[in-house]
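The values are calculated or read from the model by the stated rules, or taken from the named source; none is laboratory data. Everything numeric in this text was worked out from a predicted model, so none of it was measured. As a convention, Cβ positions derive from the backbone with ideal geometry for all residues, glycine included, and neighbour counts pool all protein chains shown.
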Amino acid sequence: MDPILLARLQFGLTIAFHYIYPPLSIGLGVILVAMESLYFKTRNPVYLQMTKFWVRVFGLTFALGVATGVVMEFQFGTNWATYSRFVGDVFGSVLAAEGIFAFFMESGFLAILLFGWDKVSPRMHLFSTAMVALGAHFSAIWIVVANSWMQTPAGFHIVEAALGRRAEVTDFWAVVFNPSMLVRLGHTIMGAWQAGAFLVLSVSAYYLLKRQHQEFAQASMKIGTAVAVLASLGSLFTGHVSALVVSRYQPAKLAALEGHYPASAPAGLYLFGIVDEAAERTGGLQIPGMLSFLVHGDPAKPVTGLQSFPREDRPPVAPVFQSYHAMLGIGMALLALAFFGAFFWWRGSLFETRWLLRIYVLAVLGPQAANQLGWFTAEVGRQPWIVYGIMRTADAASRTVSAEQILGSLVLFMLIYLLLFILFIYLLDQKIRHGPLADDLAVAYHPKGL
């Protein structure tokens with residue numbers, strides 16, 4: 001058994017499981033602010049009912065996100081000790097900033113959001129909702145900063161220490177605003193908004209198909225549709241800009257995304273295809289010259305291909321190619337679903353278009369799949385580097401942790417995570433089946449609250 005492969009597998013699986021929940025929390029946070037703001041403005045009790053219902057769902061996703069996120073940081077010290085020593089100065093400052101600017105804000109206002117309905121005024125509760133949503137976004141900022149630094153490292157120099165080389169921060173703000181950070185943050189946030197929006201659409205469509213909670217479902221679906229359209233368009237734009245950044249700073253990854261092998265030749269854009277890594281060719285349906293046009297604005301201009309790089313410096317092409325194109329396909333389908341919803345809403349027939357409602361019930365899986373595939377594409381596409389161009393993944397693992405130890409903890413983690421996922425699905429299903437409560441229509445704010 002290869003301990004490095006097992007360590008990568010453990011980290012990948014725990015991250016993938018954790019990444020189910022933060023996007024939902026971020027997306028639902030934005031939607032909660034919209035719902036409670038509408039209640040604050042109109043005093044329509046339906047918006048209060050919506051807010052209270054989705055706060056309960058938000059609390060569930062937030063709890064699972066915190067519980068599953070703690071494990072990742074421990075793995076840095078166990079399975080990836082060499083890497084931790086190398087990036088400790090960088091990640092220490094970034095994760096400290098996350099604690100100060102995100103966790104303190106979220107924890108300070110979360111109790112008011114969940115339990116302060118009858119203790120504070122409407123204005124204070126709305127402010128707390130906004131602060132929790134903002135804290136969730138701040139948390140995403142600092143995590144994306146850390147991950148983007150691994151993709152496009154900046155603001156540091158390497159020093160020799162007693163235990164080996166170490167990256168030392170020379171410019172904290174250069175670390176924060178490394179070349180890929182802003183666009184990757186935008187793409188991550190748009191994916192999170194899509195996750196929240198399509199969860200709202202899925203539950204609302206379920207109620208409409210069952211002819212339950214009609215007024216609640218219709219109002220929720222309008223907000224979900226608006227956020228879905230905005231997020232889907234934003235995801236398309238930020239995805240394009242992200243590819244431009246990749247073409248500049250990670251050309252081997254860009255070549256792998258499209259299975260482009262010639263060292264310097266115009267490149268097409270594949271709709272689908274199959275990569276033969278041994279023969280160094282890709283077959284499938286493509287739009288000739290389109291990748292060159294998207295990158296350079298000229299379909300005849302060459303794009304750097306995989307043959308420009310030694311084999312040991314290339315990412316695994318076939319899995320990166322397939323995951324990237326699957327993500328694109330799902331993203332375009334979500335964009336189409338969002339615009340179908342907006343179109344039928346404009347026509348006044350959204351709530352009676354049952355074929356679309358049936359698709360919406362299942363579409364909640366789309367953003368989750370796209371987010372997972374996007375993360376897989378970004379991380380596997382960075383290989384063989386754990387810090388791009390600086391440190392190889394093979395050199396980053398702990399030397400004293402055996403394969404048997406990693407395998408044992410991997411099995412235990414997967415069992416625990418499976419139980420947590422079953423519990424999450426059960427509790428979420430119970431909340432959806434119970435639906436909004438009649439008491440949620442009552443104005444619950446404290447009349448003399450803060």
Residue selected from segment 1-49 under the condition assigned to a helix (DSSP H, G or I), charged (D, E, K, R) and out of contact with any helix residue (DSSP H, G or I) (no Cβ under 6 Å at 6 or more places or on another chain), by the criterion farthest from ALA136 (Cα to Cα):
ARG8
Quick check on GLU215: is it out of contact with any strand residue (DSSP E or B) (no Cβ under 7 Å at 6 or more places or on another chain) and in a strand (DSSP E or B)?
no
With respect to GLN322, is the statement that it is closer than 20 Å to TYR261 by Cα and outside any loop (DSSP other than H, G, I, E, B) true?
yes
Selection within segment 104-123 - surrounded by fewer than 17 Cβ atoms within 10 Å (Cβ to Cβ) and either touching a strand residue (DSSP E or B) at 6+ places or on another chain (Cβ under 6 Å) or not in a loop (DSSP other than H, G, I, E, B) (or both):
PHE104, SER107, GLY108, ALA111, LEU114, PHE115, ARG123
Conditions (1) touching a Lys or Arg at 6+ places or on another chain (Cβ under 7 Å); (2) modelled with pLDDT of 90 or more; (3) not aromatic (Phe, Trp, Tyr) -> ILE330 fails only (1)
Residues of segment 50-96 that turn out to be in a helix (DSSP H, G or I), within 22 Å of ILE158 (Cα to Cα) and not basic (Lys, Arg), as a count:
17
Within segment 251-279, of all residues that are in contact with a Pro (Cβ under 9 Å, 6 or more places away or on another chain) and not aliphatic (A, V, I, L, M), the one modelled with the lowest pLDDT is SER264
Condition test on VAL57, is it under 21 Å from the mean Cα position of the chain (by Cα), at negative phi, at pLDDT below 85 and not acidic (Asp, Glu)?
no
Going by what's in this entry, would LYS52 be described as without any contact (Cβ under 8 Å) to a residue 60 or more places away in the chain, basic (Lys, Arg) and in contact with a helix residue (DSSP H, G or I) (Cβ under 9 Å, 6 or more places away or on another chain)?
no
What is the one condition in (1) over 29 Å from THR393 (Cβ atoms); (2) surrounded by fewer than 22 Cβ atoms within 10 Å (Cβ to Cβ) that HIS157 does not satisfy?
(1)
Answer residue from segment 333-355, given it is touching a residue at least 40 places away in the same chain (Cβ under 8 Å) and within 30 Å of TYR270 (Cβ to Cβ) and is surrounded by the most Cβ atoms within 10 Å (Cβ to Cβ) among those
GLY341
Looking at this structure, is PHE103 at pLDDT 85 or above and under 23 Å from the mean Cα position of the chain (by Cα)?
no
Only unsatisfied item for GLU36, checking (1) touching a residue at least 12 places away in the same chain (Cβ under 8 Å); (2) of a type outside the set (Val, Ile, Thr); (3) within 30 Å of GLY164 (Cβ to Cβ), is (3)
Which condition number in (1) surrounded by fewer than 23 Cβ atoms within 10 Å (Cβ to Cβ); (2) closer than 30 Å to GLY341 by Cα; (3) more than 24 Å from the chain's Cα centre (by Cα) is the one that SER202 fails?
(3)
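Each row is one residue, and each column tells you yes or no for (1) farther than 30 Å from PHE115 by Cα; (2) in contact with a Lys or Arg (Cβ under 8 Å, 6 or more places away or on another chain); (3) buried (at least 19 other Cβ atoms within 10 Å of the Cβ); (4) at pLDDT 90 or above.
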position: ALA370; (1), (2), (3), (4): yes, no, yes, yes
position: ALA397; (1), (2), (3), (4): yes, no, yes, no
position: VAL411; (1), (2), (3), (4): yes, no, no, no
position: ASP429; (1), (2), (3), (4): no, no, no, no
position: PRO436; (1), (2), (3), (4): no, yes, yes, no
position: ASP440; (1), (2), (3), (4): no, yes, yes, no
